[in-house]
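The values are calculated or read from the model by the stated rules, or taken from the named source; none is laboratory data. This structure is a prediction, so every number in the text was calculated from the model and none was measured. Using ideal geometry, Cβ is built from the backbone for each residue, glycine included, and neighbour counts are taken over all protein chains shown. Surface areas here come from the heavy atoms of the whole protein model, side chains and all, with no ligands, DNA or RNA. Shrake-Rupley method; radii C 1.70, N 1.55, O 1.52, S 1.80 Å.
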Amino acid sequence: MSTNQIKTNWAQFIPLVTVFFFWGFVAASNDILIPVFKEAFDLSQVESQLVSLAFYIAYTVGSLLYLLISYVTKGDLINRIGYKNSLALGLAISALGTLLFYPAANTGSFPLMLSGLFIVALGFSLQQTVANPLAIALGPITTGSQRLTMAGGINNLGTTIGPLIVSFAIFGSATSEKTEMSIESVKIPYLVLGAAFLLVAILLKFSSIPDKPQAILETESEASSARSSALKYPQLVLGMIAIFVYVGVEVSTASNLPAYMEKNLGFLTKDIAPYISLYWASLMIGRWTGAVEAFTDNMSTQKILRFIAPYLAFGVFLLVNAIAKHDLTPFYVYALIILVLIAADIASRGNPARMLLIFSGLGIAALLIGMATDGMISVYAFTSVGLFCSTLWPCIFTLAVSGLGKHTSQGSSFLIMMIMGGGFVSLLQGYVADVTTIQSSYIVGVLCFAYLAFYAWKVSGILKQQGISFDKKVSGGH
């Protein structure tokens, strides 16, 4: 590995993570739109999940378009136009999608709303194909998953803020007596978001982010890249299924939570936003914890940061909810659950396969507790799934693209394609909820975590056979 890859390139990494924030903001805001659209358009629970389906199926369509264009032009699209230009193009596509919210809100059209979300996510598909391997490549492979975890932490800053802003746009402040839902009120936040997309696209165009990362250039000549396609790598193929079920359980847990809290616990729709915010903040808490190794190699400093980072992220959640004038009393007990996350992170020792296995087991436990209990205990159990989902994306992504060399961008596109799991698993859980109960429907998530545990075990052996290891040397540096 060249000397310029010994340490993380922060000058390039920091502007890159802006797009991660956008993904989180929009994805989590969907969980507020679902109950709003359900009531405004008189939808069933399974019909309301079309919001998730339209958004996440766009990732698959976008990836297929990318692969089709690359095939027709006989060359990888991203390699041809460059990573930086591809990011800017993806942001411009997403900006176009936000424009549809204006006529959709004025006419009260549910299909047009879904179309706007679809196009926004279509742009996200290209952005994610570029940004995820780029985050891994801007530094040494041993801290690649931690760097992606850190970017995910910025993503979840967006997921924490998004539901609160969209809820405020629809209902006003938490102390407001307003309970009527105005579809027209959603257009302004999304038009502002579209303007932000265009601004960041311009800034990225003139940033120092490389058109093609040096780390990927260096692996193109490796023997492992002699295979004809990314699909020849078993770690990628199994990883595609892992991404499908991971995004599925992450999204479906949150998107079905409002209906559970309304029907089983008697919450008003306008009072659910802080709990949706807590779920997505849980991912931020976990990702800030999992990212500490990307900052320093000093073991003593890492131990300290492992306790500071999660509670700093939790403090961000409390702060934004305090600003929104929500009652914070129900959330203080959550500080104890965070200790479980810290213990799991320490036990993983920074190895992405080991972390995937441990956190998948904890995700199963959290869902089973939520299904077996009532009241606020069940709510805390379901929201804690966010803690245990927090580092799974970077773990799966890092494991799946390791060793792909020149096929990295192609492999990344295949993984992004599987984000459609967020829509299909949500739809499946919505169906199970309609035929049984919402609480029982979380068995779908248990099955998703079970596969992730299997992948963690299987991929370790596959990568060892290819001579790839993520075990870190105990030393003062790399």
State the three equivalent ellipsoid semi-axes of segment 379-478, derived from the C-alpha gyration tensor as the square roots of 5 times its eigenvalues, in descending order and whole Å. 32, 18, 12
How many nm is it between the label spots at residue 346 and residue 81, if each spot is 7 Å from the Cα in line with the beta carbon? 4.8 nm
So how strong a dipole does the chain carry about its Cα centre when Lys and Arg Cβ are +1 and Asp and Glu Cβ are -1, to the nearest 20 debye? 1360 debye
Over the heavy atoms of residue 458, what accessible area does a 1.4 Å probe trace out, to the nearest 10 Å²? 90 Å²
Could you give the angle, 0 to 90 degrees to the nearest 10, between helix 375-389's Cα long axis and the longest principal axis of the Cα atoms of the chain? 20 degrees
Which entries of 187/270; 303/406; 74/212; 84/406 have Cα-Cα distances beyond 26 Å here? 303/406
Dividing the mean separation of Cα pairs under 8 Å (6+ apart) by the residue count of segment 13-170 yields a relative contact order in percent of 41 percent
Projecting the Cα atoms of 185, 393, 37 onto the charge dipole of the chain, where Lys and Arg contribute +1 and Asp and Glu -1 at Cβ, the residue farthest towards the positive end is 393
Residue-span extension gain [residue 41 to residue 469] - 0.36 nm each, minus C-alpha spacing: 148.9 nm
Cα-based Rg/(2.2 N^0.38 Å) for segment 68-153, rounded to two decimals, is 1.37
Taking only protein heavy atoms and a 1.4 Å probe, the highest-to-lowest accessible-area order of 167, 440 is 440, 167
Would you mind working out the magnitude of the charge dipole of segment 359-478 relative to its Cα centre, with +1 at each Lys and Arg C-beta and -1 at each Asp and Glu C-beta, to the nearest 20 Debye? 580 debye
Taking the convex hull of the Cα atoms, report for segment 68-117 its projected area averaged over all directions, in nm². 4.1 nm²
Relative contact order, percent, of segment 290-412 when contacts are C-alpha pairs under 8 Å separated by at least 6 residues? 20 percent
Relative to the longest principal Cα axis of the chain, at what angle does helix 421-435 sit, 0 to 90 degrees, rounded to 10? 40 degrees
So, by mean Cβ neighbours within 10 angstrom, what's the order for 159-166, 283-290, 337-344 with the highest one leading? 283-290, 159-166, 337-344
For segment 273-339, take N as its residue count and report Rg(C-alpha) divided by 2.2 N^0.38 Å. 1.19
Beta carbons within 10 angstrom, averaged per residue: use that to sort the peptides 101-107, 460-466, highest first. 101-107, 460-466
Not counting ligands, DNA or RNA, and with a 1.4 Å probe, what is residue 200's accessible surface area in Å² rounded to the nearest 10? 20 Å²
So for the chain, what are the equivalent ellipsoid semi-axes in whole Å, largest first, each being the square root of 5 times an eigenvalue of the Cα gyration tensor? 33, 26, 21
Here the alpha-carbon Rg of segment 225-344 over 2.2 N^0.38 Å rounds to 1.38
Report the relative contact order of the chain, percent, no decimals, based on alpha-carbon pairs under 8 angstrom and at least 6 residues apart. 26 percent
From the C-alpha gyration tensor of segment 331-426, square roots of 5λ in Å: 30, 17, 9
Which of the listed residues, 252, 296, 309, is farthest toward the dipole's positive end in segment 227-314, when Lys, Arg count +1 and Asp, Glu count -1 at the beta-carbon? 296
Just how far, in whole angstrom, is segment 73-111 from segment 319-362 if you go by their alpha carbon centroids? 33 Å
